Amino acid sequence: MTSFRSLFLASLVSLLALPVVAAPTVWTIDGAHTAASFTVKHLSLSTVHGELGPVSGTISFDAADLAKSSIDATIDVKGVSTRNEKRDAHLNSPDFFDTAKFPTATFKSTSITKSGEGKLTIVGNLTLHGVTKAVTLEAEGPAAEQKHPMIPNTLVTAFSAKGKINRKDFGISYGPNAVVSDEIPVVIDIEANRKG
């Protein structure tokens, strides 16, 4: 009995001595303070600015082991706005986003790596217009978390990411490059919350 008790205590001490593996911190994207925007060259001259609809999703972040980090986001494409009703209606049509069939876009990260102090390279699968392609985003963040001044028991942080996509890679082929640029710079500014 004494041997069993000693063995049990020794096993318990060994378990307690094992390092605690911290789980990634999970943040919820605040759609009211997050924006997915883009720019397009028109006639190879002017730059048209646009913004998609609300963004939702989660960010799982582990600063000590970025391999455990991930992003899963959904973007409301049908909410596209370029501050011109006629153009926005055209963007929603089958010529462009065809939002009757494809109302949302999704981004699911496949890898997140450090690229500098406070900088991340995020690779993931973007599904847009029914097509899934790998894209790379260069991001800054996360910002130092702080107590949310308006939501009790909540912490807040922020990320900002930039990248470029080719619209024709996603089957959006209306108009030649000289009229509507094929390469589209995108910017995603994210505010995210968690209980704490």
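Nothing in this text is a laboratory measurement; each read-out follows from the coordinates by a stated rule. Bear in mind that the values here come from a model prediction, so they are computed numbers and not experimental data. Neighbour counts run over all protein chains shown; Cβ positions are idealised from the backbone, glycine included.
At-a-glance table
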quantity	calculated
Karplus-derived 3J(HN,Hα), 6.51/-1.76/1.60, for each residue of the range 176-190, Hz, glycine and proline x	x, 4, 5, 9, 10, 4, 6, 7, 10, x, 10, 9, 10, 10, 10
Where labels lie 7 Å past Cα in the beta-carbon direction, separation of His49 and Val179 in nm	2.6 nm
Calculated semi-axes √(5λ) of the Cα gyration tensor in Å (choose from [x] 26, 20, 15; [y] 44, 18, 15; [z] 32, 18, 14), label	[y]
Theoretical ellipticity at 222 nm over the chain - DSSP helices of four or more residues, -39500 (n - 2.57) apiece, nearest 500	-4000 deg cm²/dmol
The range 103-177-the range 59-90 distance, computed between alpha-carbon centres (Å)	6 Å
Nearest 10 degrees, 0 to 90: helix 2-17 Cα axis against the chain principal axis	30 degrees
Normalised contact order of the chain, rounded percent, pairs of Cα under 8 Å and 6 or more residues apart	21 percent
Cα-projected label distance for Lys162 with Ala143, points at 7 Å along beta-carbon direction, nm	1.8 nm
